[in-house]
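The values are calculated or read from the model by the stated rules, or taken from the named source; none is laboratory data. Since this is a predicted model, take the numbers as computed values, not measurements. Because the Cβ atoms are built from the backbone with ideal geometry, glycine has one as well, and the counts that use them run over all protein chains shown.
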Amino acid sequence: MDSRYHHRNRRKYRLKVHIVLVTKYRKPILKGSLADEVKQKIYDICNSKGYDMIAMETDKDHIHFLISYDTTDRVCDIVKRIKQQTTHYLWQKYPNFLAKCYGKHKIFWSDGYFACRIGEVSSATIQKYIKSQG
């Protein structure tokens, strides 16, 4: 079998997506322990759902990550899950700090996101770009 591809239930695939999430109002708060917590939480979510984390890095107001995922998953659902769970987690962990940034509204991420499926040729380039963030 070709180890470059995943094999499950009569399907063979290798899907990768580069996702960028931006903090609400582009607040430059993804620094220090908060950035580490966000990365760890996203890694945990991906691990629990069977997504392979290939690369991830933060800059002060956004995060890039590259994951491999199953054909049964939709990118919009992956993003929704990550945004919801990280926001809930961060508000439990940093309520006072986030209240200073966003008031009473339990928000963290902007409404939109960037997602781009990539092919094998550009995977190394995307990984290098993500690692250069921050």
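When residue 98 is evaluated against the numbered criteria (1) farther than 20 Å from residue 31 by Cα; (2) at pLDDT 95 or above, which criterion, by number, is the only one it fails?
Among (1) farther than 20 Å from residue 31 by Cα; (2) at pLDDT 95 or above, the lone unmet condition for residue 98 is (1).
Can you confirm whether the stretch 66-84 contains a residue that is under 16 Å from the mean Cα position of the chain (by Cα), at pLDDT 95 or above and under 15 Å from residue 130 (Cβ atoms)?
yes
Tell me which of these residue 110 doesn't satisfy, since it passes every other one: (1) within 18 Å of residue 56 (Cα to Cα); (2) touching a helix residue (DSSP H, G or I) at 6+ places or on another chain (Cβ under 9 Å); (3) among the small types (Gly, Ala, Ser).
(1)
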